[in-house]
Amino acid sequence: LTPSRARLPYPPPPFPTCCRPSSAAAAHAAHPLPRRGSPRLLAVRAMASGNPYAAELAAAKKAVTLAARLCQAVQQDIVHSGIQSKADKSPVTVADYGSQILVSLVLKMEVSTGPFSLVAEEDSEELRKDGAEEILEEITDLVNETISDTGSYNISFTKEGILSAIDDGKSKGGPSGRHWVLDTIDGTKGFLRGDQYAVALALLDEGKVVLGVLACPNLPLSSISNQNGSSSGDQVGALFSATIGCGAEVESLDGSPPQNVCSIDNPVNASFFESYESAHSMHDLTGSIAEVHKTPPVRIDSQAKYGALARGDGAIYLRFPHKGYKEKIWDHAAGSIVVTESGGIVTDAAGNDLDFSKGRFLDLDTGVIATNKQLMPSLLKAVQDAIKEKNQAASLL
Ligand SMILES: Nc1ncnc2c1ncn2[C@@H]1O[C@H](COP(=O)(O)O)[C@@H](O)[C@H]1OP(=O)(O)O
Ligand SMILES: [Mg+2]
């Protein structure tokens, strides 16, 4: 442990048969943007740390930290001005684009292996339309201010540069090669309310999630167990990270030492997490499953739930979207590896692993369940019974 970093409570799997650079990575061509350090130097550094994705992990952490800084500035403006009550979505749009540009900038500057592929939500189409000049100017100013305030790079974007940087996120992902997967602001509703949100970034290599980082700017560093997202500790801003076969870590987002992480002694009595928004997950279904555990849900927005689960604030995360909703890979890629690398399991309602190799969407059965290894068998049965009961009740109507 370093003073500013704590390992998560679950033991990581033994080091690491799966920590080898992929052959696809080795075959990748040179990157178009200038970069710090030669590929050879980065490879040596990565080998020295025992993590073949060390350079990518460092870049990913830097990227989401910078993006989170931009998002925090916008969220504070929103909360202070009360814009969210007027349902004006433009500030969140500016932050979404800004976050995507900063993440793509950092990754292109810092990562040397292969062609750049980013799967993200935004493209520049809307910003190229007549009437979008003002918002484009706002995004450009905000991005340039964040870069210069943090002293990250000696770079200033033009408006055209902003548009083309946004289009870096157009990749469709898929089963081969490397793809970064980004949720610029996960939990938009929480962001607008002044609550939890996350900047979530993962790397897919040959269809598998090999690393993930979650910046959760409003998540307390101490446990939020049983407290509906709040905690007795003062310090907020958590950065979770995980690399395949190398475990997961949590540190404070501002670089200062975190408070102790908290593990659950008796997981059966532990809280369970679910969406704050009932439109995102069926609270009646999760309620009937959770009855067994006799604990009220802790409802918070975004993949902060995965981070909180990984460090033991709760033992279960249940997510059952309403019929017809298709889950996107960027809503689960980073969070799921943080949980699995901290010793947990993430499956769909049929008990299948999530498959991130099918493009921009997840093809899954009914919902997402995350918990520890002891609880998974009984939880899965409870989930399947509850779904059957709900379906039977619906068919009688
Ligand atoms: N109807 C819906 N059902 C499930 N998830 C949704 C729905 N609408 C939006 N989402 C997604 O849920 C995520 C946040 O979930 P939560 O905070 O409840 O955990 C967001 O990424 C959001 O996607 P989007 O970013 O496209 O709006
Ligand atoms: Mg999202």
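For segment 274-363, report the accessible area per residue in Å² (1.4 Å probe, heavy atoms, rounded to an integer). Kindly include the intermediate steps, with their values, before the conclusion.
Working: 3070 Å² over 90 residues.
Averaged over the residues of segment 274-363, the accessible area is 34 Å².
Might you tell me the accessible area per residue for segment 132-241, computed with a 1.4 Å probe and given in Å²? Don't skip to the answer; put the middle values down first.
Numbers: 4010 Å² over 110 residues.
Heavy-atom SASA per residue in segment 132-241 reads 36 Å².
What is the sum of charges around ASP353, taking Lys and Arg as +1, Asp and Glu as -1, for the other residues whose C-beta is under 13 Å from the C-beta of ASP353?
On the way: positive: LYS208, LYS358; negative: ASP348, ASP355, ASP363, ASP365.
For residues surrounding ASP353, the net value is -2.
How would you rank 320-328, 340-348, 128-136, 380-388, highest first, on the average number of other Cβ atoms within 10 Å across their residues?
340-348, 380-388, 320-328, 128-136
Using a 1.4 Å probe and counting only protein heavy atoms, arrange SER241, SER148, SER171 so the residue with the most accessible area comes first.
On the way: SER241 5, SER148 80, SER171 25 Å².
Ranked list, largest accessible area first: SER148, SER171, SER241.
Going by average Cβ neighbours within 10 Å, how do the peptides 111-119, 57-65 rank, with the highest at the top?
57-65, 111-119
Please go through the residue pairs LYS61/LYS170; LYS170/LYS373; LYS159/LYS326; LYS61/LYS390; LYS129/LYS305; LYS62/LYS323 and name each one whose alpha carbons sit more than 31 Å apart in this structure.
Details: LYS61/LYS170 21 Å; LYS170/LYS373 36 Å; LYS159/LYS326 33 Å; LYS61/LYS390 42 Å; LYS129/LYS305 37 Å; LYS62/LYS323 37 Å.
Long pairs (Cα-Cα over 31 Å): LYS170/LYS373; LYS159/LYS326; LYS61/LYS390; LYS129/LYS305; LYS62/LYS323.
Could you check how much of the accessible area of segment 324-397 is carbon and sulfur, as a whole percent, using a 1.4 Å probe? Walk me through the intermediate numbers first.
On the way: 1840 of 3490 Å².
So the carbon and sulfur contribution to the accessible surface is 53 percent.
By how many nm would the segment from SER176 to GLU121 grow when fully extended, if each residue of separation counts as 0.36 nm and the alpha-carbon distance is taken off? Don't skip to the answer; put the middle values down first.
Values: separation 55, 0.36 × 55 = 19.80 nm, distance 2.01 nm.
Fully extending the segment from SER176 to GLU121 adds 17.8 nm.
Kindly provide the pair-distance distribution of segment 67-220 built from C-alpha pairs, with 10 Å bins from 0 and whole-percent values in order of increasing distance.
11, 40, 37, 12, 1
Within 10 Å, count the other beta carbons around each residue, average over each peptide in 157-165, 362-370, and list them highest first. Please report the intermediate quantities before stating the final value.
Working: 157-165: 15.9, 362-370: 20.1.
Result, highest mean Cβ count within 10 Å first: 362-370, 157-165.
The values are calculated or read from the model by the stated rules, or taken from the named source; none is laboratory data. As the structure is a prediction and not an experimental result, all values here were calculated from the model. Every residue, glycine among them, receives a Cβ derived from its backbone with ideal geometry; neighbour counts consider all protein chains shown. Keep in mind that these areas ignore ligands, DNA and RNA; they rest on the heavy atoms of the full protein, side chains included. Shrake-Rupley method; radii C 1.70, N 1.55, O 1.52, S 1.80 Å.
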